[in-house]
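Heads up: the structure comes next, in C-alpha cells.
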Amino acid sequence: MTRKGLTAPRKLVFDIVNNSHDHPTAADIIDRLKAEGRSVAYATVYNSLRYLTEEGYIRELKLEGDASRYDSRTEDHHHIVCTSCGRVDEVMTGTPSDWLERIAAETGYAITEEQLLFKGVCSACRTSKGSNK
C-alpha cells in the first residue's frame, strides 16, 4: 500500500489496524508492534492514530469503556459489543432511510453521519455459559 503522507511509523500503525479484526485499542496496537519486534514510542502511535483518523484512513470508535478502538473499514456501518466478553463485531445492515428521514424531521437536523452501537451477548459467550439470552 502506498498512501500519500504515510511515514514508516504511520504505515506500521495502519497495517496493525488494517490486519486486525478485533478493533484494537492504542494499547493493543503498541503490544502488537512490540510482539513484532518493533520499537515505536507511545506518542508516535497516538499521533499516528490521530493522523490516520483525521485523514480518513481509519475510524476511531468510541464504544464501551474509556479506550477508543480503531477500525480500518471506513464505509458506513455499525458495531455490536458483547456485554460479557467485550468482543466487537461489525453490523453491515444499513439504517432504514425512513427512520433517518423521521429523525431529521423530528430534530431539524440534516443528518450527515450515523453511528449506532448495539449490545448483546455473543454466541460464544452464550454457548460457554449455557445461556440463551
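Any read-out appearing in this document is the output of simple, stated calculations on the displayed coordinates, not a laboratory observation. No experiment lies behind these values; they were computed from the predicted model shown. Here Cβ is always computed from backbone atoms with ideal geometry, including for glycine, and neighbour counts include all displayed protein chains.
Some points to look at:
- Here the peptides 16-24, 72-80 are ranked by packing, the mean other Cβ count within 10 Å, and the order with the highest first is 16-24, 72-80.
- The Rg/Rh ratio of segment 75-123, with both radii computed over alpha carbons and Rh defined as the Kirkwood radius, is 1.08.
- Legend: translational diffusion of the chain by Stokes-Einstein, Rh = Kirkwood radius over C-alpha pairs, 20 °C, 1.002 mPa s; D = 128 µm²/s.
- Of Thr7, Ser20, Gly37, farthest towards positive along the dipole that unit charges on Lys, Arg, Asp, Glu beta carbons give segment 1-44: Thr7
- Taking only the Cα atoms of segment 1-74, the ratio Rg/Rh comes out at 0.92, with Rh defined as the Kirkwood radius.
- On Cα atoms only, tilt of 26-35 relative to the major axis of the chain in degrees: 40
- On Cα atoms only, tilt of 97-107 relative to the major axis of the chain in degrees: 80
- Beta bridges per DSSP, both residues in segment 1-119: antiparallel share near 75 percent.
- Angle between the chain longest axis and helix 42-54 axis [Cα atoms, degrees, rounded to 10]: 50
- Karplus-derived 3J(HN,Hα) values for segment 14-19, using 6.51 cos²θ - 1.76 cosθ + 1.60 with θ = phi - 60°, are 4, 4, 4, 5, 5, 9 Hz; glycine and proline are entered as x.
- Residues Tyr109, Tyr46, Tyr57 arranged by fewest to most Cβ contacts within 10 Å: Tyr109, Tyr46, Tyr57
- Charge-dipole axis of segment 69-133 as Lys and Arg at +1 and Asp and Glu at -1 on Cβ define it, positive-most pick from Thr107, His79, Gly120: Gly120
- Mean separation of Cα pairs under 8 Å and 6 or more residues apart, divided by the residue count, gives the chain a relative contact order of 20 percent.
- Within straight-line cross-link reach of Lys11, aspartates and glutamates at Cα separation under 12 Å, skipping those fewer than 8 residues along the same chain: none
- About the centre of its Cα atoms, segment 1-74 shows a dipole size close to 320 debye [charges on the beta carbon of Lys, Arg (+1) and Asp, Glu (-1) only; nearest 20 debye].
- Taking a sphere under 10 Å around the Cβ of Val88 and counting the other residues whose Cβ falls inside, with K and R at +1 and D and E at -1, yields a net charge of -3.
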